[in-house]
1. When you look at B:Tyr207, is it under 30 Å from A:Met261 (Cβ atoms), hydroxyl-bearing (Ser, Thr, Tyr) and in contact (Cβ under 8 Å) with a residue 60 or more places away in the chain, yes or no?
2. Give the residues of region A:13-31 that are loosely packed, with under 12 Cβ neighbours inside 10 Å, assigned to a loop (DSSP other than H, G, I, E, B) and of a type outside the set (Asp, Glu), sorted by residue number.
3. Which residue is farthest from the other protein chains (Cβ to nearest Cβ), if the candidates are limited to region A:131-185 and must be within 27 Å of A:Ala214 (Cα to Cα) and of a type in the set (Gly, Ala, Ser)?
4. Name every residue in region A:61-79 that is within 22 Å of A:Thr155 (Cβ to Cβ) and surrounded by 14 or more Cβ atoms within 10 Å (Cβ to Cβ), in order of residue number.
5. Sort out which residues of region A:264-290 are touching a helix residue (DSSP H, G or I) at 6+ places or on another chain (Cβ under 7 Å) and among the polar types (S, T, N, Q), and write them in order of number.
6. When you look at A:Ile228, is it within 14 Å of chain B (Cβ to nearest Cβ) and more than 30 Å from A:Asp116 (Cβ to Cβ), yes or no?
7. Out of A:Leu34, A:Leu76, A:Leu43, I need the residue that is part of a helix (DSSP H, G or I) and either touching a residue at least 40 places away in the same chain (Cβ under 8 Å) or among the aliphatic types (A, V, I, L, M) (or both). Which one?
8. Cβ contacts < 7 Å: first residue within 14 Å of chain B (Cβ to nearest Cβ), restricted to region A:263-284; second residue of a type in the set (Phe, Trp, Tyr) and in a helix (DSSP H, G or I), any location; separation 6+ or different chain. Result?
Amino acid sequence: FVSYQVEILDWKTKEQLCFLDKVEPNATIREIRLMFHKLYPRLYPARQSIKLDPKGKSLRDEEILQHLPVGTTATLYFKDLGPQIGWTTVFLIEYTGPLFIYFLFYFRMPFVYGLDERFTSSPHPVVNLACICHSFHYIKRLIETVFVHRFSHGTMPLRNIVKNCLYYWGFAAWLAYYINHPLYTPPSYGKKQINFAVVMFLLCEAGNFSIHVALSDLQRNGSKIRRIPYPTKNPFTWLFFFVSCPNYTYEVGTWISFTIMTQCVPVGLFTLLCFIQMTVWAKDKHCTYLREFKDYPSLRMPIIPFLL
Amino acid sequence: MAAGEAAVGGRLRGDMAAGGSSGSRADNGYGSQPPRRRRGPGALATAYLVIYNVVMTAGWLVIAVGLVRAYLAKGSYHSLYYSIEKPLKFFQTGALLEILHCAFGIVPSSVVLTAFQVMSRVFLTWAVTHSVKEVQSEDSVLLFVVAWTITEIIRYSFYTFSLLNHLPYLIKWARYTLFIVLYPMGVTGELLTIYAALPFVRQSGLYSISLPNKYNFSFDYYTFLILVMISYIPIFPQLYFHMLHQRRKVLSHTEEHKKSE
């Protein structure tokens, strides 16, 4: 039984931040983080990036000291990731904003469209429908954040939340402005267009929800083992035959349907940006799957069946 | 072709003056960076890039000569824009190809950064100077055209020489020094031109759309231009100081290299 010594250096200045004596060989990085935290109370574990190489990737909590390519005196590097915020908190803030911001425009708060239009309502039914759909979408997201999602990372840097909120809240305000504007023009093809859009919207929301549930079921019991998601009895999950990230596919579908429903260019632009962002995420996820699983189904594309 | 890669790469936004360094890498033409996974341009791509950079150098030289000739012929420096309008439009727009170069990986620069830079130039050329005819006789136009011309001649010849692995120190020095004057000069010219265009845009409602319309969209070009002008405030100092930083790195590295020879 050999006990390890662990020295932790600052990744930039290389000064020794701490020296841990008599560390068990089967200690996990998580435990080392906790030990470091005891010495530096302000640097809670989520803020610590511990790595083997100053410019390398952060080590995961589950890694075991003796399995790392280090001698019995291990040198690790520390980087402060800055204040962190939990994913759940981030999502709650990100999604509550658009929900209420939309209402400011829907109910035509005085400062939005001028005093003459304050608290008036639109003569077009589609405007009410759009409010219901938009609110439904974000309420659904909030419910999923609290009850369904299981996040693999605990936290993200605090400054991300400013960036993310600006984006979500800003766009929500921008598109709500036009949809609820007194000079709003309803869709050119009238009821047909709106009804089609509503049906598509509901199907995509149901699909998106089904996928989230399916993904969450994969990680029962907080197990950190990753598994390939497969189609279940739920027909909405059959998209898994063709796509790695059907949740993104359905999400894009939702926004396309909302664009059709409102026939509003800002909504279309938001949809486009969502599509681009989700394609990037989907490709990333897809590559990760391909790397991790040798028997990954070859028919699957990242986000659009057969195409993308 | 590491030197080629290192030098051809890296531009900074509004590469207005002979600055534009290689982003986060020491653009010293000596390829002293960690090994990159991306494969560099092959022989065919290098040949194409040499041709491209030579053509662009020549193009901007044409513009420079055009300006001088027009000045001599007219006897004054006012309204010289008209004499170089066509080559300016052609060669500045041609720079859009550089976005593709990054996208295809033959130039190791960020696509987004390059796109942003080129688009801002193209925006000024077409959406402001070309579209608002009344500003074409403004002196501010001459200010940025001169700044761009000198910058681009140096920048493209820098790339050409780097690709051929034979970079004269003078060109490198010029690229990393003249920007100190040219960059503010160009920015001033651009801002004054946009400012001059404002009343005409307001009057004519250029590129603007108002409610109601079936796309449920509105856009006020006048406000947009004002926002563009405001955006210079955070962007310009950042880039300027970054280029100064790059200058220190690049030129001092060359000094060391020379001393060690």
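1. Taking the combined requirement at face value, the residue satisfies it.
2. A:Thr13, A:Lys14, A:Asn26
3. Ranking the candidates gives A:Gly154 first.
4. A:Asp61, A:Glu63, A:Leu76, A:Tyr77, A:Phe78, A:Lys79
5. Answer for region A:264-290, where residues must be touching a helix residue (DSSP H, G or I) at 6+ places or on another chain (Cβ under 7 Å) and among the polar types (S, T, N, Q): just A:Thr271.
6. no
7. Testing whether each residue is part of a helix (DSSP H, G or I) and either touching a residue at least 40 places away in the same chain (Cβ under 8 Å) or among the aliphatic types (A, V, I, L, M) (or both) leaves just A:Leu34.
8. A:Cys264/A:Tyr178; A:Pro266/A:Trp174; A:Pro266/A:Tyr178; A:Val267/A:Phe258; A:Phe270/A:Phe171; A:Phe270/A:Trp255; A:Thr271/A:Trp255
The values are calculated or read from the model by the stated rules, or taken from the named source; none is laboratory data. No experiment lies behind these values; they were computed from the predicted model shown. Note that we place each Cβ from the backbone using ideal geometry, even for glycine, and neighbour counts take in every protein chain shown.
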